[in-house]
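Working notes, beginning with the structure itself.
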Amino acid sequence: ETGVTQTPRHLVMGMTNKKSLKCEQHLGHNAMYWYKQSAKKPLELMFVYNFKEQTENNSVPSRFSPECPNSSHLFLHLHTLQPEDSALYLCASSQVGVAGLTGELFFGEGSRLTVL
Amino acid sequence: GESVGLHLPTLSVQEGDNSIINCAYSNSASDYFIWYKQESGKGPQFIIDIRSNMDKRQGQRVTVLLNKTVKHLSLQIAATQPGDSAVYFCAENTEYGNKLVFGAGTILRVKS
């Protein structure tokens, strides 16, 4: 138990579906992240939120739409995805100070997405 | 730009031996480094971290070494156990940065 909970753990969707991934952190952190993990690729940073404000969008296609209503919750809304978007989507949280990260990122177990 | 890379994609060791996993980084501005372990079906788990004002840090059975001159990071695992089998990632953070950039990962296989 890392203190970061992701749901659903597994999701299968068609290319025309709309679905959402949810992440909740119970650690009191002020930053949250979405990473994508595909086979044979490093973890790719998608989005960063600091105090609910998006501070980074790593050239992610608009079919992925993040939402951060408060410092504890993060969503990733999915619409008209492609089969190549199938991957493990990892959420993480951390505490960020004036000089940057004060410690490690804590990861959830991930949401395994399959796009048919 | 930022990049973190690993020399060996797969490392096989005998149970009880020591393991060394290496990582090269290219961003000289990086000042915080972390090793993560990822088991099948799980998210990455923190193992140990080190800041650039240190060159060595020890944990329980693990040691991280940082050589800033050649921009090299290594993770040493003493008396490797079957439960250590996993993918290991190094990650880096730059000063004032709020994110981690990850390397490709090394698979560690422990033979009994």
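Summary table below
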{"read-out": "From the options A:E56, A:E1, A:E44, residue that is closer than 19 Å to A:S93 by Cα, at pLDDT 90 or above and not β-branched (V, I, T)", "value": "A:E44"}
{"read-out": "Spans of strands (runs of 3 or more DSSP E) in the range A:35-116 with at least 3 residues surrounded by 15 or more Cβ atoms within 10 Å (Cβ to Cβ)", "value": "A:44-50, A:64-70, A:73-79, A:87-94, A:111-115"}
{"read-out": "Qualifying strands (runs of 3 or more DSSP E) (wholly inside the range B:5-112; at least 1 residues being at pLDDT below 95 and over 19 Å from A:F106 (Cα atoms))", "value": "B:10-14, B:19-25, B:30-38, B:106-111"}
{"read-out": "A:T102 being farther than 30 Å from B:D31 by Cβ and either without any contact (Cβ under 8 Å) to a residue 12 or more places away in the chain or within 13 Å of the chain's Cα centre (by Cα) (or both)", "value": "no"}
{"read-out": "Failed criterion for B:Y96 (all others in (1) within 13 Å of chain A (Cβ to nearest Cβ); (2) farther than 26 Å from A:Y89 by Cβ; (3) touching a His at 6+ places or on another chain (Cβ under 8 Å) hold)", "value": "(3)"}
{"read-out": "Some residue of the range A:17-33 being at pLDDT 95 or above, of a type in the set (F, W, Y) and within 23 Å of B:Y96 (Cβ to Cβ)", "value": "yes"}
{"read-out": "A:C23 assigned to a strand (DSSP E or B), within 13 Å of another protein chain (Cβ to nearest Cβ), of a type in the set (A, V, I, L, M, F, W, C) and farther than 16 Å from B:K99 by Cα", "value": "yes"}
{"read-out": "Residue tally, condition closer than 19 Å to B:S19 by Cα and either of a type in the set (A, V, I, L, M, F, W, C) or surrounded by fewer than 21 Cβ atoms within 10 Å (Cβ to Cβ) (or both), over the range B:87-110", "value": "9"}
{"read-out": "Among residues of the range A:1-35, those that are under 15 Å from A:P66 (Cβ atoms), out of contact with any His (no Cβ under 9 Å at 6 or more places or on another chain) and small (G, A, S), counted", "value": "1"}
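The values are calculated or read from the model by the stated rules, or taken from the named source; none is laboratory data. The model shown is predicted, which means the values in this text are computed figures rather than measured ones. Cβ atoms come from the backbone with ideal geometry, glycine included; neighbour counts cover every protein chain shown.
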